[in-house]
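Q: Have a look at this one before I ask anything.
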Amino acid sequence: MKTFPIAVILAAVLAGSAHGQAPKRVFVVNTGDGTVSLVDIAGMKEVERYKVGLRPYGIAVSNDGKTVAVGVEDEQCVKFYSLPDFKLKGTTPIGKMFNDHIVLNKDGKHIVVANFYSDDVMFISMETMKEDGRIKDLSAPHVVRYGPLNKHMFVTCKKASGVAVIDPDTRKLVKFFPLTVNPRSLTFSPDESKVYCGSHWNNGIFEADLTTGKVSRLIELSPPKENAQPQEVTYHGVQAVHGNIVLAANEGRSFLDSVDMKSGKLLDRLMGVSRPCCIEPVPGTNQVMLSNIGDGSLQFVEVSKTGQLKSLGKATVGKAPKRVAFLPN
């Protein structure tokens, strides 16, 4: 993998920030060793690593940058830490957890937790650190995230496979779309009419039409001939960028694909990754952060408007990094 000097990486960050206020630091949860790493983005270097408890997964930072919430799954709770000192402020019990995603509500006052085992989406106050509402009966919710229109949240459901649409303002289920595939991840077309997801045993990603509630196509992405044997773990994280491109992380085969959303054409494939799982866009830029389970790194990747991928560097973090959360400047 070609490496770039820190000055080049910093220039890329500053160029991206012309489109908005780019963050300077990011947290990444290290599920394998019970820690959270703080990474400086310009230098792509871990500056601190904090112990939080066994098997952390979800994470969110408050809008004012004073609090970070971390789901610590073996302790069946969300822990709240003050920033920048990372001191424990309090704990909210959740119950049994399984890769429960956490997202900050747009009101900036709550986190939303998709709790797999209770079948509920929970709302927890960032100020009081107490639950103050939930949406029930969502059938093993896993991924929860806002759509690009920033009004509704979309939730992947794992037992009765499908995607639930919820209104975080009224805290009600808007609609449930059953799917014939079990989604591992979720991203969207700009108008939210279509969603894209990975699934097990497939060399490709699925597109589902939310106007009809049906899977509309499998975008097949042929693996390299030398690594084409059937396997369960293939595509994991997906992320739409530039409004017309979907990035898809092939965890099992270790590459990152860039795909044209309309034609389904493979635009580029980045091989210098290591069992990538989660993709998160860097706010205000044309870059993403990629969590590499294989080598315990967080990778900074630039995406051109034509879908070309360029690695801008890696930061060595803890074991099995997963979800990330950016700190406001």
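Q: Those residues that are in contact (Cβ under 8 Å) with a residue 40 or more places away in the chain and touching a Lys or Arg at 6+ places or on another chain (Cβ under 7 Å), I need them from the range 208-226; list them, please.
A: Correct list: Ala208, Leu210.
Q: A further question follows. From (1) assigned to a loop (DSSP other than H, G, I, E, B); (2) in contact with a strand residue (DSSP E or B) (Cβ under 7 Å, 6 or more places away or on another chain); (3) under 23 Å from Gly32 (Cα atoms), pick out the condition that doesn't hold for Asp295.
A: (2)
Q: Could you check Ile245 against (1) closer than 20 Å to Thr156 by Cβ; (2) in contact with a Ser or Thr (Cβ under 7 Å, 6 or more places away or on another chain); (3) of a type in the set (Val, Ile, Thr); (4) surrounded by fewer than 23 Cβ atoms within 10 Å (Cβ to Cβ) and say which number it fails?
A: With (1) closer than 20 Å to Thr156 by Cβ; (2) in contact with a Ser or Thr (Cβ under 7 Å, 6 or more places away or on another chain); (3) of a type in the set (Val, Ile, Thr); (4) surrounded by fewer than 23 Cβ atoms within 10 Å (Cβ to Cβ) applied to Ile245, the lone miss is (1).
Q: To continue, here is another question. If Val273 satisfies all but one of (1) part of a loop (DSSP other than H, G, I, E, B); (2) surrounded by fewer than 23 Cβ atoms within 10 Å (Cβ to Cβ); (3) in contact with a strand residue (DSSP E or B) (Cβ under 8 Å, 6 or more places away or on another chain), what's the number of the condition it fails?
A: For Val273, the exception is condition (2).
Q: Output the residue which, of all residues in the range 90-115 that are over 16 Å from Pro56 (Cβ atoms) and of a type outside the set (Gly, Ala, Ser), is surrounded by the most Cβ atoms within 10 Å (Cβ to Cβ).
A: Checked the range 90-115; the qualifying residue surrounded by the most Cβ atoms within 10 Å (Cβ to Cβ) is Val112.
Conditions tested, residue by residue: (1) aromatic (Phe, Trp, Tyr); (2) within 23 Å of Gln287 (Cα to Cα); (3) free of Cβ contacts under 8 Å to residues at least 40 places away in the same chain.
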residue: Thr187; (1), (2), (3): no, yes, no
residue: Tyr196; (1), (2), (3): yes, yes, no
residue: Trp201; (1), (2), (3): yes, no, yes
residue: Gly204; (1), (2), (3): no, yes, yes
residue: Ala228; (1), (2), (3): no, no, yes
residue: His236; (1), (2), (3): no, yes, no
residue: His242; (1), (2), (3): no, yes, no
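Residue-by-condition table, conditions (1) outside any strand (DSSP E or B); (2) over 22 Å from Val112 (Cα atoms):
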site	(1), (2)
Thr156	no, no
Asp169	yes, no
Arg184	yes, no
Ile205	no, yes
Ile219	no, yes
Val233	yes, yes
Gln239	no, no
Leu247	no, yes
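Q: Say we look at the range 116-136 and pick out the residues that are in a strand (DSSP E or B) and either in contact (Cβ under 8 Å) with a residue 24 or more places away in the chain or among the hydrophobic types (A, V, I, L, M, F, W, C) (or both); which of these is surrounded by the most Cβ atoms within 10 Å (Cβ to Cβ)?
A: That would be Val121.
Q: Could you grab me the full set of residues in the range 86-114 that are in a strand (DSSP E or B) and under 16 Å from the mean Cα position of the chain (by Cα)? Full working, then the answer.
A: Quick first cut of the range 86-114, residues in a strand (DSSP E or B) only: 87-93, 102-104, 110-114.
Within the range 86-114, Ile102, Val103, Leu104, Ile111, Val112, Val113, Ala114 qualify.
Q: Okay, moving on. Lys66: touching a Ser or Thr at 6+ places or on another chain (Cβ under 6 Å) and among the charged types (D, E, K, R), yes or no?
A: It is false that Lys66 is touching a Ser or Thr at 6+ places or on another chain (Cβ under 6 Å) and among the charged types (D, E, K, R).
Q: Pick out the one residue from Arg55, Arg25 that is at pLDDT 95 or above, surrounded by 18 or more Cβ atoms within 10 Å (Cβ to Cβ), basic (Lys, Arg) and over 19 Å from Pro281 (Cα atoms).
A: Criteria check complete, one pass: Arg55.
Q: May I pose another question? Hey, any hits in the range 213-224 for a residue that's charged (D, E, K, R) and farther than 25 Å from Val165 by Cα?
A: Yes, the range 213-224 contains at least one residue that is charged (D, E, K, R) and farther than 25 Å from Val165 by Cα.
Q: Tell me whether the range 73-83 contains one or more residues that are assigned to a strand (DSSP E or B), touching a helix residue (DSSP H, G or I) at 6+ places or on another chain (Cβ under 8 Å) and within 18 Å of Asn115 (Cα to Cα). Talk me through it step by step, then tell me what you get.
A: Within the range 73-83, the first condition is being assigned to a strand (DSSP E or B), and the residues that meet it are 77-82.
Now narrow it down to the ones that are touching a helix residue (DSSP H, G or I) at 6+ places or on another chain (Cβ under 8 Å): none.
No; the residues of the range 73-83 include none that is assigned to a strand (DSSP E or B), touching a helix residue (DSSP H, G or I) at 6+ places or on another chain (Cβ under 8 Å) and within 18 Å of Asn115 (Cα to Cα).
Q: Same structure, new question: Taking the conditions exactly as written (within 25 Å of Ser125 (Cα to Cα) and surrounded by fewer than 19 Cβ atoms within 10 Å (Cβ to Cβ)), does Leu149 satisfy them or not?
A: yes
The values are calculated or read from the model by the stated rules, or taken from the named source; none is laboratory data. None of these values were measured; they are calculated from a predicted model. A quick note on method: Cβ atoms are made from the backbone with ideal geometry, for glycine too, and the neighbour counts reach across all protein chains shown.
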